[in-house]
Amino acid sequence: MRERSPETLIVALADQFDLDFVRAAHEVGVNGFCLTANDPEVLIKSLELVMLGECVLPFEVVRSIMSRAPQDQPLQDNTAEPKLSDLKECKLSAREAQILGCLKGGAPNKLIARKFDVTEATVKVHVKAILRKIGAANRTQAAMWASQRLPRTGVSDLNV
């Protein structure tokens with residue numbers, strides 16, 4: 001399929017995925033992986049992300065990848081309370097922290113721009129800076145990073 005239509009986006013849909021399958025499928029050009037057990041809203045959002053150029057992976061696959069990651073960088077424990085120090089260490093500005101909170105909620109650039117009364121281009125610049133500072137490759141990774149580190153109440157009122 002990839003050879004016949006290189007611009008086509010491919011999403012694998014299954015009951016479960018193992019890491020070897022995901023790696024092999026990614027190498028041949030699969031853009032996303034969705035679980036059949038997901039709510040319809042999650043599936044729709046996942047497909048929208050793929051259409052925007054993001055790679056989508058189920059959390060279980062990400063957990064498997066992270067468990068095999070080098071141990072010189074400690075992983076965040078999901079049960080630990082998020083730490084404001086993580087934001088300060090990344091040197092996120094107050095606006096970047098606010099936008100990261102919006103990314104965590106799945107907000108698109110247009111909605112974020114309206115919320116903060118800025119242009120979409122300004123939001124894109126902030127998102128790129130956030131990705132660089134936290135070491136994320138895309139919005140999905142940034143949202144996952146934020147869900148582990150941001151306070152449950154959000155960051156709109158934080159002074160970081």
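The values are calculated or read from the model by the stated rules, or taken from the named source; none is laboratory data. Everything numeric in this text was worked out from a predicted model, so none of it was measured. Positions of Cβ are backbone-derived with ideal geometry, glycine not excepted, and every protein chain shown enters the neighbour counts. What goes into the accessible areas is simple: the full protein's heavy atoms, side chains included, and nothing from ligands, DNA or RNA. Shrake-Rupley method; radii C 1.70, N 1.55, O 1.52, S 1.80 Å.
Of the residues making up region 124-138, those that are open to solvent by 50 Å² or more (accessible area, probe 1.4 Å) and either touching a residue at least 40 places away in the same chain (Cβ under 8 Å) or assigned to a loop (DSSP other than H, G, I, E, B) (or both) are LYS133, GLY135, ALA137.
Within region 50-60, the residues that satisfy the criterion of being under 22 Å from THR8 (Cβ atoms), out of contact with any Gly (no Cβ under 7 Å at 6 or more places or on another chain) and hydrophobic (A, V, I, L, M, F, W, C) are MET51, LEU52, LEU57. Residue under question is VAL56, and the condition is that it be within 18 Å of the chain's Cα centre (by Cα), at pLDDT 85 or above and surrounded by 15 or more Cβ atoms within 10 Å (Cβ to Cβ); does it hold? Considered against the rule, which asks whether it is within 18 Å of the chain's Cα centre (by Cα), at pLDDT 85 or above and surrounded by 15 or more Cβ atoms within 10 Å (Cβ to Cβ), VAL56 comes out as yes. Within the option set ALA121, ALA143, being among the small types (Gly, Ala, Ser), in a helix (DSSP H, G or I) and under 19 Å from MET51 (Cα atoms) holds for one residue only, ALA143.
Is one or more of the residues making up region 64-73 open to solvent by 40 Å² or more (accessible area, probe 1.4 Å), assigned to a helix (DSSP H, G or I) and farther than 29 Å from LYS124 by Cα? Within region 64-73, one or more residues are open to solvent by 40 Å² or more (accessible area, probe 1.4 Å), assigned to a helix (DSSP H, G or I) and farther than 29 Å from LYS124 by Cα.
Within region 118-133, the residues that satisfy the criterion of being of a type in the set (Val, Ile, Thr) and out of contact with any Leu (no Cβ under 8 Å at 6 or more places or on another chain) are VAL118, THR119, THR122, VAL123, VAL125. State all residues of region 23-42 that are open to solvent by 50 Å² or more (accessible area, probe 1.4 Å), in contact (Cβ under 8 Å) with a residue 12 or more places away in the chain and either among the aliphatic types (A, V, I, L, M) or assigned to a helix (DSSP H, G or I) (or both); if no residue qualifies, say none. Result: HIS26, VAL28, ALA37.
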